[in-house]
Amino acid sequence: MSGLLKFLKIIQDLPNKIWGMLRKIRLSRQSPMQTILLNSTLKELLTRIIGQEVNLSSLSLMELFTTNLAQLLLGVASADKVVTLEERKHLRDTLIRLRLLEGEFAEFTRTVANGINKLRSFSSLQNFLTLATPLNSAQRLLLIGLGYEMSAADGTIDPKELAYLQRIASALEIKSQYLSVLEASFTAQKVTDFVALEEVRSLLDPARFHDLDIIFTDAASHLVEALPRQEGGVTGQSSARTYEELNRFQQSIEQLNQAYAQVDQVIRECVAQNYVSETLVQDFYQLWERLSSQKFRVAVVGEFSQGKSTFLNALLGEEIQPTRAIPCSGTVTILRYGKQKRVICRYRDGKEEEIPIEQYQDKAAISKEAAYGKDSARMAMLENEIDEIIFEHPDLELCKSGVEIVDSPGLNEHDERTRITQQLLKGTDAVIFLANAQRPLTQWEQDFLKHDLRQQMRSINARESVSPQSTEETPAENLFVLVNFMDLLRKESDREDVRERLQNFLLGTSPILAGENRIHYISAQETLEARLTNEENRYTHSFQEFVRSLEQFLTADRGKIKINQSIRALSDIIEMRLKPELKQARAFLNNEISLSENSTQAISTLIEKANQQLQELRKTADSLQEEVYQRVDASLGEWMSRLDVKLRRESAGWSFGKSTDKKAINRHFSDLFIRTVSEDLERWAEQEMVRISGNNLKHLEQESKSVLQDIYDGFRTIDSEIGSNFSYQFEQSSSFRAELAGFSSCFGEAEEDWKEGLFGFTGLGALGAGLVAMFMGAFGPAMALFAVGQGFLDMIFGQKPEEVQAEQKEEILQKGIAQLRNSLPKIREQIRQRIGEAFGERRKTVQQQITSVISSAKNLLRQEEISHQHSEKNRQEKIAWLDYQSTLLEQAKSQSVSQSQT
């Protein structure tokens, strides 16, 4: 079901109870000043929307405003073809709050929404002008304000929705300064035009609507509450930091959004005239979506008890993260901007829920009891069903400025914490590694920085074309090392020793860090206390130096790359996709391309053949995918059989000294059992699954290339006969889609390694970690149950240590293997899901490539069909129109390029 239909269904399914009472109240309050003077155009449009003759004398301003609002919200929802869950929820809440879904009025709302959707009246500016004619300037601003509010339901405004709202507002003669105020208010940006802010506040003053229906006063009150206060948010000198460079970057993104919006408008108008293929709309939307979702992601990693949580609290200026002296963080936490404080828990089984703010710190931390022992801490993390926690906050300046912060569980010798933290690095722009000044750079930290961390970051940078030529020895530019607890070193000589040790290791003969100001010496606790009390001390300066360095890197280094990639992508789609199609359309109008009967038949035959090949390729993909399912299932069964034998063999060497404490023995042997299963399952996933799935994926890749090449050759023959450029369009479309999906181009000179390009794209190689986590989550609690009360019996009967441990070991093995067998169906389900993703991505990419050229070919046939209807004058007008669209594209291209120079 499409997002739009889901939206309509929301309206249709809501309660319908008290319309009669509201209607009596409304009619009794109607005054002569509220009477709507309908002209014939407005009457005709309302009649078409409602589906029956409009009774002019009974139509109220409330009903007219509702119709306007439904048209605007449906238009916003349709602007990007996607209605998110947050938008649907916010839409429902908005309509309920405005009392548009109560009693029989729900039927009126449903009727007008269905009528507007059927007519698609929201796509015409003239329709908005007609419907909004009776509304005054305050009511029109209220209408647009509600549109901005819904569009920003998730804290950001989609570029297409923003462009749509701007076009409607312009037609309704709403000042652009007012739109800037609304946009800033709902996306937590800074409002710099305080004159416009006060004018908006005045126009939306609920007192203006007291003599009208209550719908207006309620809506106005809600919008006024969303307007920012001039006095600001968090207090304190450090908290007042505005992150000017980050805000300037966001402004550059907004300027790029305007260029993208202009290109989008050209594409849509050319599609409507059959001059370019419809597939360009979705292709361009994918590019635009990348731009509009640009945020900086910063991960904070380090061993436990390094002060990560205190550091984050100091960075954000509020005590958000749980802190204590023993291991604390128990799960991944993402801190980001939100319109209001809220906490979302995402669980390993895919579910998510919003929890009270008060529960956040308890959910984010492991228990004190578990934190005291490494086995207990590890078991607590394994038993934790939470995958990640998202904390949204409206007053964190750094997050407001477009930065998401990822706080990881502490790194230590436990595999799960290490694995989770390493996975966090994917998609990050910068990594902050916290070390302890009292024990700087332990051997484990040195190994992790030198190998694991640098290697992972090198892979990320190469994949994102940040540093494609890097090697294993290449220093990391996006790594910051912060040495915490410097305040605990009382002697200057000790502080100098720490600096020298860090400098030698990180910047020595084989440097790990690159770039300026990548090492900083701080006291997170001292800085936090200073921020909370609005004071300064010797450590606030060094902390702010770090913040400035991070901001400089994000904007000048990583931000510049992001902007240049967006500019290059826009230029490529203009030069390689749009212009060739417009050139072909122009040549057709100029009679430079003509289709004979034979040429028309040849194109139709190629279209039919391409459709057939696409169907056959789908069948091949389904067959190969099913074959992988069966072979992986068999391999998993074999692994389970071998594991039983392996566990029996390896457990013979398990011991726990002379202990007879069954609870402690249970924890120790459970840990060994889980570690053995974890390593073996991950090894199976990385070896057997890669081998089985990879062979069939490679086969599908080869079949896809063969089909695409055959289609390409066919259209190249057509090009040589009629002078079209289908083959060029197809080649560019193929390269474009392959780049978007992460696959190598079918026409490139050098093919990427298929395992990296296909298999690595879906993350199947790392599936073992997820499977083990799922198994452990179910296994951990079971292992703890049968040890309860056993210590008391041991004291009575006095069993020998070897006897106690042998009994515990056997029970661990029996119960553990049984639990693992019970988990196999879930493991198989996860495996099938990942395999399906791998095949689905490849199948989708090839299908889009074939569909694109079919669309272009059909487009040319449509041009041939209607070309005979054009007079010479009409042809010249259309050529001039195409030339004008090309000029608009050049303007948008120039506007985007200017951003790389700012």
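Summary of computed values
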quantity: Highest average packing first - 561-574, 535-548, Cβ atoms within 10 Å; calculated: 561-574, 535-548
quantity: Rounded accessible area of T94 (nearest 10 Å², 1.4 Å probe); calculated: 10
quantity: Estimated distance in nm for a label pair at R501 and R648, the labels positioned 7 Å out from Cα along Cα-to-Cβ; calculated: 5.0
quantity: Simple spin-label estimate for R348 and S720 in nanometres, 7 Å along Cα-Cβ; calculated: 6.0
quantity: Pairwise FRET efficiency - A514 versus K858, Cβ, R0 = 60 Å, nearest 0.05; calculated: 0.70
quantity: Full-stretch length increase - Q544, E890 - with 0.36 nm per residue and alpha-carbon distance subtracted; calculated: 120.3 nm
quantity: Burial order of peptide ranges 484-494, 643-653 (average beta-carbon count within 10 Å, highest first); calculated: 484-494, 643-653
quantity: Accessible area of E199 in the full protein assembly, 1.4 Å probe (Å², nearest 10); calculated: 70
quantity: Contour minus Cα-Cα distance for N611 and A556 (0.36 nm per residue); calculated: 15.1 nm
quantity: Pairwise FRET efficiency - E592 versus K341, Cβ, R0 = 51 Å, nearest 0.05; calculated: 0.25
quantity: Inter-site label distance for E319 and K190 at 7 Å from Cα along Cβ, in nm; calculated: 3.0
quantity: Heavy-atom accessible area ranking, 1.4 Å probe, most first, across W288, W654; calculated: W654, W288
quantity: Greater than 19 Å apart at Cα, pairs in K450/K562; K190/K295; K583/K858; calculated: K450/K562
quantity: Sequence ranges 630-642, 521-533, ranked by mean other-Cβ count within 10 angstrom, highest first; calculated: 521-533, 630-642
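The values are calculated or read from the model by the stated rules, or taken from the named source; none is laboratory data. Please read these numbers as outputs of a predicted model, since none were measured by experiment. As a convention, Cβ positions derive from the backbone with ideal geometry for all residues, glycine included, and neighbour counts pool all protein chains shown. Areas reflect the complete protein model, heavy atoms only, side chains present, ligands, DNA and RNA absent. Shrake-Rupley method; radii C 1.70, N 1.55, O 1.52, S 1.80 Å.
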